[in-house]
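Engineer: Pasting in a structure now, in structure tokens, and then I'll have a few things to ask.
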Amino acid sequence: MKEITHKDYLEFIKEKTAVIIEDVEIKLQKNWNIKSYGPPRDYTPERTTVWSFPDRGDWATHKGNYRGNWSPYIPRNLILKYTQKGDWVLDQMMGSGTTLVEAKLLERNAIGVDINLDAVMVARDRLNFSYNPLFSEYKEPIVKTYWGDARNLDKIENESIDLIATHPPYANIISYTKSKKLSDDLSQLPFEEYLKEMRKVAEEAFRVLKPGKICAILIGDTRKHKHYVPIALRVMRWCA
Ligand SMILES: C[S@@+](CC[C@H](N)C(=O)[O-])C[C@H]1O[C@@H](n2cnc3c(N)ncnc32)[C@H](O)[C@@H]1O
């Protein structure tokens with residue numbers, strides 16, 4: 001793992017105004033025109049096992065243009081349900097940093113990791129805003145980002161994390177780095193190999209999570225040759 005700081009990001013954007021994640025160009029904004037810092041006022045957190053959101057969620061710096069990113073409502077619900085202010089949240093496959101932006105808004109410390117340096121820069125770009133709510137004593141949390149592999153979180157201590165909220169590739173359904181040929185990117189692996197590697201992700205997650213705390217993982221299923229492929233169930237079986 002290599003830490004990528006705000007200073008590294010500032011150096012990066014001196015040379016580059018955008019990155020390409022697979023075939024999608026993502027502009028690095030530098031300055032954000034933020035209209036709101038949270039979901040609509042009448043939104044209430046989810047209370048049942050079926051979560052349904054009024055829209056995708058585009059508050060703060062959230063944008064839907066990172067391939068397969070998750071709606072900010074998902075990490076928001078997880079963070080509110082399972083952590084307190086000042087706790088540590090980890091997303092070891094953070095992509096564009098949706099989880100980290102929510103952690104920052106909700107005053108939780110956070111660590112994000114991604115195998116693709118360009119993704120880490122997108123996440124830093126999305127974290128590049130200041131938040132000063134008028135009527136609350138907001139204390140800016142610590143948010144760290146790393147370029148690294150979810151199977152080897154060597155900079156994170158044993159039993160130090162209060163919540164893992166992460167969203168891995170759904171096997172090789174969406175490729176994240178095919179054109180860059182990053183062999184450590186789990187979206188490049190055939191299904192059976194992907195399952196084996198996800199077990200390593202799970203072992204590392206177990207090591208860093210405090211005992212009794214929650215690890216929440218979003219994985220979608222797919223269809224192949226007219227057959228349903230339950231990716232999430234297969235991952236759970238391998239990791240159990
Ligand atoms: C589904 S995306 C995450 C999207 C994220 N939730 C968001 O909202 O932007 C999966 C991410 O896993 C990353 N990834 C793939 N293999 C990885 C590995 N071995 N270690 C860390 N990240 C990895 C990919 O680069 C990609 O950004």
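Engineer: How much of E159 can a 1.4 Å solvent probe reach, expressed as accessible area in Å² and rounded to 10?
Structural biologist: Roll a 1.4 Å probe over it and E159 shows about 110 Å².
Engineer: At 1.4 Å probe size, with every protein chain present, just tell me what the per residue accessible area of region 9-119 comes to in Å².
Structural biologist: It amounts to 48 Å² per residue over region 9-119.
Engineer: Let a ≥ b ≥ c be the square roots of the eigenvalues of the Cα gyration tensor of region 75-163; is it rounded (a/c under 1.5), or, if not, prolate (a/b larger than b/c) or oblate?
Structural biologist: Taking the square roots of the gyration eigenvalues as a ≥ b ≥ c, region 75-163 is oblate.
Engineer: Along Cα→Cβ, 7 Å out, is where each label goes; now give me the distance between the ones at I34 and K16 in nm to one decimal.
Structural biologist: 2.4 nm
Engineer: With a sphere of radius 11 Å drawn around the Cβ of Y37, what net charge do the other residues whose Cβ falls strictly inside it have (Lys, Arg +1; Asp, Glu -1)?
Structural biologist: Summing Lys and Arg as +1 and Asp and Glu as -1 gives +1.
Engineer: Which of the peptides 23-29, 37-43, 183-189 is most tightly packed, and how do the rest follow, going by the mean number of other Cβ atoms within 10 Å of each residue?
Structural biologist: 183-189, 23-29, 37-43
Engineer: Which value in deg cm²/dmol, rounded to the nearest 500, describes the helix-derived mean residue ellipticity at 222 nm for the chain, given -39,500 (n - 2.57) per DSSP H run of n ≥ 4 and division by the residue count?
Structural biologist: Taken over the chain, the calculation gives -8000 deg cm²/dmol.
Engineer: Then there is this: Please build a GNM for the chain, connecting alpha carbons under 10 Å apart, and tell me which residue among W88, W70, W59 fluctuates the most.
Structural biologist: W59
Engineer: Using per-residue counts of other Cβ atoms within 10 Å, averaged over each peptide, order 92-98, 198-204, 162-168 from highest down.
Structural biologist: 92-98, 162-168, 198-204
Engineer: Would you mind telling me the share, in percent, of accessible area of the chain contributed by carbon and sulfur at probe 1.4 angstrom?
Structural biologist: 51 percent
Engineer: Can you classify the chain as rounded, prolate or oblate using the Cα gyration tensor, where a ≥ b ≥ c are the square roots of its eigenvalues, rounded means a/c under 1.5, and otherwise it's prolate if a/b beats b/c and oblate if not?
Structural biologist: rounded
The values are calculated or read from the model by the stated rules, or taken from the named source; none is laboratory data. Predicted, not measured: the structure shown is a model, and the values here were computed from it. With ideal geometry, Cβ positions are generated from the backbone for all residues, glycine too; neighbour counts draw on all protein chains shown. Accessible surface areas use protein heavy atoms only, side chains included; no ligands, DNA or RNA. Shrake-Rupley method; radii C 1.70, N 1.55, O 1.52, S 1.80 Å.
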